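K.L.:
Let me begin by handing over the structure; questions about it come next.
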Amino acid sequence: MTSIKDRTAFITGGASGIGLALAEVFAGAGASVVIADVEALALERAELHLQAQGASVLALQLDVTDRAAFAAAREAAIERFGAVHLLFNNAGVNVPGPLDQVSYDDWDWVMGVNLGGVVNGVTTFLPELIRHGDGAHIVNTASVGGLVGMRGLGIYNASKFGVVGLSEALRADMMTHGVGVSVLCPGVVATALTTSERNRPAALGGDAGSQASTTDQPSEQTSEQADAAPAAGMSPLSLALLVLEAVEADQFFISSHPEFRSLVAQRNDAVIASFGGSADPDAVAAMSALIEPF
Ligand SMILES: NC(=O)c1ccc[n+]([C@@H]2O[C@H](COP(=O)([O-])OP(=O)(O)OC[C@H]3O[C@@H](n4cnc5c(N)ncnc54)[C@H](O)[C@@H]3O)[C@@H](O)[C@H]2O)c1
């Protein structure tokens, strides 16, 4: 998508961190922005922050695991801005821990938000992105943890590998529809991700006293936790500027942290080296037809 001006961007997890930075940068490039997030107080703050910068913004409370609410959010965005051109499936959470020490609730929460949320965003918005014929682009936020597995990050890895695979297939499927696709694979970014338990629903083992999708009013603890986020890592705004360039250039992989290059290369080399024997040329031709070259 070469021009962002006068487009509409719908951003999940838009109330903080990378999502809020994406809203800021794409609004600065002339887009109207819809920020959708489960965390009500952070959403209000983000809306005021963006309005103070002159952005045209709609803030919607949305739990990305709630499909009916996602459809209602899409309709609200279309009603306000006429069409949606850019979709950022960015909401995400993390429960670190070795796989012998995590629970089914941990799995269900992280997979539900990180992978299920992207599935829901794509399924909810594809008809709209294709419908208007004005060109569209989807950015799915994965992670460098979607390219290489890491000790103590098994659930997160499973969810983010899923986002990368889904995005590769989506790119191939959407080539003839004028819908570009990118997958964002950052390393460490200075955000509130380390306090993502603040958004964990009680039904999946969250603290009933903190924010969950079933409550309308987040506790003060929520924003205090988010404010206490570590400052290590790349700034979300620097990352969002890279995303803007990548969307304008229709670039698929957005890998912002070159310090992970050799680790990913090592993994990819191991995959390539593990293929033994000789290939059936007919099978190669059949498989190649399903894959869009990068
Ligand atoms: N921070 C990093 O180092 C890093 C690195 C790689 C990838 N990521 C990914 O970036 C994305 C954004 O995370 P961040 O780092 O900005 O963290 P963050 O916690 O600052 O932002 C995540 C946002 O998602 C929202 N959210 C959580 N659950 C939700 C739900 N069920 N429905 C709707 N919104 C929900 C949160 O309220 C929050 O506003 C995530 O997908 C994360 O996995 C982050």
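The values are calculated or read from the model by the stated rules, or taken from the named source; none is laboratory data. It should be emphasised that the depicted structure is a prediction, and the values quoted were computed from it without experimental measurement. Note that we place each Cβ from the backbone using ideal geometry, even for glycine, and neighbour counts take in every protein chain shown.
K.L.:
For residues that are among the aliphatic types (A, V, I, L, M) and within 16 Å of residue 263 (Cα to Cα), scanning just region 141-163, find the one that is surrounded by the fewest Cβ atoms within 10 Å (Cβ to Cβ).
P.N.:
That would be 150.
K.L.:
Determine which member of the set 84, 95, 102, 25 is in a helix (DSSP H, G or I) and more than 8 Å from the ligand (Cβ to nearest atom).
P.N.:
Only one candidate passes the filter, namely 25.
K.L.:
What number of residues in region 175-206 are more than 13 Å from the ligand (Cβ to nearest atom) and free of Cβ contacts under 8 Å to residues at least 24 places away in the same chain?
P.N.:
Selection size over region 175-206: 2.
K.L.:
In region 42-61, what residues are in a helix (DSSP H, G or I) and near the ligand (Cβ under 9 Å from one of its atoms)?
P.N.:
42, 43, 46, listed by residue number.
K.L.:
In addition: Any chance region 156-169 includes a residue that's within 15 Å of the ligand (Cβ to nearest atom), within 17 Å of the chain's Cα centre (by Cα) and part of a strand (DSSP E or B)?
P.N.:
Within region 156-169 (the criterion being within 15 Å of the ligand (Cβ to nearest atom), within 17 Å of the chain's Cα centre (by Cα) and part of a strand (DSSP E or B)), the answer is no, since none of the residues qualifies.
K.L.:
Whether any residue in region 4-15 is over 16 Å from the mean Cα position of the chain (by Cα), modelled with pLDDT of 95 or more and in a strand (DSSP E or B) is what I want to check.
P.N.:
yes
K.L.:
Looking at 141, 123 in this structure, which one is of a type in the set (Ser, Thr, Tyr) and away from the ligand (no atom under 12 Å from the Cβ)?
P.N.:
Result of the check over 141, 123: 123.
K.L.:
Would you pick out the residues in region 77-115 that are of a type in the set (Ser, Thr, Tyr) and free of Cβ contacts under 8 Å to residues at least 40 places away in the same chain?
P.N.:
104
K.L.:
Okay, next question. Among the residues of region 157-181, how many are in contact with an Asp or Glu (Cβ under 8 Å, 6 or more places away or on another chain) and polar (S, T, N, Q)?
P.N.:
Number of matching residues: 0.
K.L.:
Further, regarding this structure: Quick one: residue 34 ticks every box in (1) farther than 21 Å from residue 174 by Cβ; (2) β-branched (Val, Ile, Thr); (3) over 13 Å from the mean Cα position of the chain (by Cα) except a single one, so which number is it?
P.N.:
Of (1) farther than 21 Å from residue 174 by Cβ; (2) β-branched (Val, Ile, Thr); (3) over 13 Å from the mean Cα position of the chain (by Cα), only one is false for residue 34: (1).
K.L.:
When you scan region 190-294 for helices (runs of 4 or more DSSP H) that lie fully inside it, which ones turn up with 2 or more residues that are modelled with pLDDT of 95 or more and exposed (fewer than 11 other Cβ atoms within 10 Å of the Cβ)?
P.N.:
Output list reads 261-273.
K.L.:
Filter region 247-260 down to the residues that are away from the ligand (no atom under 11 Å from the Cβ) and more than 15 Å from the chain's Cα centre (by Cα) and list them by number.
P.N.:
Result: 248, 249, 250, 251, 258, 259.
K.L.:
I need the full set of residues from region 146-155 which are within 11 Å of the ligand (Cβ to nearest atom) and either of a type outside the set (A, V, I, L, M, F, W, C) or modelled with pLDDT under 95 (or both), in order please.
P.N.:
Scanning region 146-155 gives a single hit, 146.
K.L.:
For residue 39, state whether it is crowded, with 24+ Cβ neighbours inside 10 Å and within 16 Å of the ligand (Cβ to nearest atom).
P.N.:
Yes, satisfied.
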